[in-house]
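Quick one: structure below, then a few questions.
Rule-based calculations on the coordinates, nothing more; no lab input. This one's a predicted model, so the numbers in the text were calculated from it and none came from an experiment. Glycine also receives a Cβ, built like all others from the backbone with ideal geometry; neighbour counts cover every protein chain displayed.
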Amino acid sequence: MSNDTIMIFGGSGKTGRRVAERLMAKGKHIRFASRSTTPVFDWTDPSGWAAAFDGVDAAYISYQPDLAVPGAVEAIRTLSKLAVEKGVRHLVLLSGRGEDEALAAEDALRTSGAGYTIIRASWFFQNFSESFMLDGIQAGELVLPVGDVLEPFVDADDIADIAAAALIEPGHGGKTYEVTGPRLMTFAEAIAEIGRETGRDIRYKTVPIDDYAATLEEAKIPGEYIWLLRYLFTTVLDGRNESLTDGVFQALRRPPREFSDYVRETAATGIWEVQK
Ligand SMILES: NC(=O)c1ccc[n+]([C@@H]2O[C@H](COP(=O)([O-])OP(=O)(O)OC[C@H]3O[C@@H](n4cnc5c(N)ncnc54)[C@H](OP(=O)(O)O)[C@@H]3O)[C@@H](O)[C@H]2O)c1
């Protein structure tokens with residue numbers, strides 16, 4: 001395992017970047033696969049997928065845009081089979097908690113014959129700082145079609161710790177870790193905490209899903225992305241995830257990171273300030 005080459009699908013993303021940092025810190029040889037790498041890897045074009053596994057021993061897979069979208073299950077099935085054919089030792093798949101389609105993708109990996117670890121994650125803390133919620137927070141008002149539902153937000157750093165361990169340490173093969181953070185929170189509570197830490201007045205406003213979708217359409221957001229957000233806000237955030245798990249502890253023998261620690265560290269970077 002010490003000379004392994006590890007491929008990271010989505011290596012510039014929220015989790016992939018963190019997995020890469022951990023593996024590099026351990027002196028591991030890593031490669032990246034996405035639309036901006038050479039060779040190009042694109043989830044919408046299977047012609048380049050087999051080449052991604054040339055000389056690769058293990059891989060971290062974060063699918064785009066989400067395992068819930070049509071075609072994702074077949075994509076994971078195909079990629080997993082290619083990995084087996086190419087002699088890849090182990091695959092770590094990032095999955096989404098509360099998504100039936102993601103469960104089907106997990107099964108496609110499990111039945112492929114590949115060695116695997118699955119990380120089934122709740123919503124990331126980093127959606128507030130590295131994703132579509134950031135603009136609203138910087139502008140002082142986050143508008144979302146979600147009310148008082150509780151979500152056990154989890155730190156992408158915890159996910160990366162688990163993924164890195166599963167790729168280079170024994171004991172994680174055949175495991176599915178369902179991971180959450182340590183606290184159930186509403187989106188309004190999360191925004192209030194960010195407001196307190198930054199000293200800014202950041203409002204949180206709930207709108208009906210159709211109004212939200214209409215705003216996205218006006219902003220010329222692609223239809224597939226609007227479909228996905230509609231699905232996430234109406235299906236995944238319908239209360240089904242209002243419970244905590246001990247997945248981080250199972251994998252790492254330590255508790256998950258606290259939202260308040262993430263908020264303090266992220267506020268200190270200045271990312272949530274009004275951008276000039
Ligand atoms: N955010 C959450 O709260 C959450 C929770 C649970 C599970 N998940 C799952 O996490 C996964 C996303 O992981 P992430 O948040 O770490 O990634 P991310 O931040 O969304 O980053 C996207 C990465 O994917 C690459 N990419 C984008 N489109 C691509 C395409 N068509 N083909 C190949 N690569 C592509 C990008 O690189 P290029 O631009 O170079 O292509 C980039 O490296 C999704 O499957 C999502 O369902 C997310």
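Can you name the condition, by its number, that GLY171 falls short on among (1) among the small types (Gly, Ala, Ser); (2) closer than 30 Å to LYS26 by Cα; (3) part of a helix (DSSP H, G or I)?
It fails just one condition, (3).
Against the condition charged (D, E, K, R), touching a helix residue (DSSP H, G or I) at 6+ places or on another chain (Cβ under 8 Å) and farther than 30 Å from LYS276 by Cα, how does LYS81 come out, does it pass?
no
If you go through the stretch 174-192, how many residues are assigned to a helix (DSSP H, G or I) and surrounded by fewer than 19 Cβ atoms within 10 Å (Cβ to Cβ)?
3
I would also like to ask the following. Does the stretch 58-66 contain any residue that is of a type in the set (Val, Ile, Thr) and either surrounded by 21 or more Cβ atoms within 10 Å (Cβ to Cβ) or touching a residue at least 40 places away in the same chain (Cβ under 8 Å) (or both)?
Checking the stretch 58-66: at least one residue is of a type in the set (Val, Ile, Thr) and either surrounded by 21 or more Cβ atoms within 10 Å (Cβ to Cβ) or touching a residue at least 40 places away in the same chain (Cβ under 8 Å) (or both).
How many residues are more than 14 Å from the ligand (Cβ to nearest atom) and either in a helix (DSSP H, G or I) or touching a residue at least 40 places away in the same chain (Cβ under 8 Å) (or both) when one looks only at the stretch 76-87?
The number of residues fulfilling the criteria is 7.
Please work out which one of (1) closer than 21 Å to LEU237 by Cα; (2) among the aliphatic types (A, V, I, L, M); (3) part of a helix (DSSP H, G or I); (4) within 14 Å of the ligand (Cβ to nearest atom) is the condition ILE162 fails and give its number.
Here ILE162 clears every test but (1).
Follow-up question, since we're still on this one. Would you kindly identify the helices (runs of 4 or more DSSP H) lying entirely within the stretch 196-276 that contain at least 2 residues that are surrounded by 12 or more Cβ atoms within 10 Å (Cβ to Cβ) and of a type in the set (Ser, Thr, Tyr)?
Result: 209-218, 223-231, 259-268.
Can I ask one more? Could you please find all residues in the stretch 88-97 being more than 9 Å from the ligand (Cβ to nearest atom) and either part of a loop (DSSP other than H, G, I, E, B) or farther than 25 Å from GLY247 by Cα (or both)?
Scanning the stretch 88-97 gives VAL88, ARG89.
State which residue is farthest from the ligand (Cβ to nearest atom) when the search covers only the stretch 111-131 and only residues that are of a type in the set (S, T, N, Q) and under 23 Å from HIS172 (Cβ atoms).
THR111
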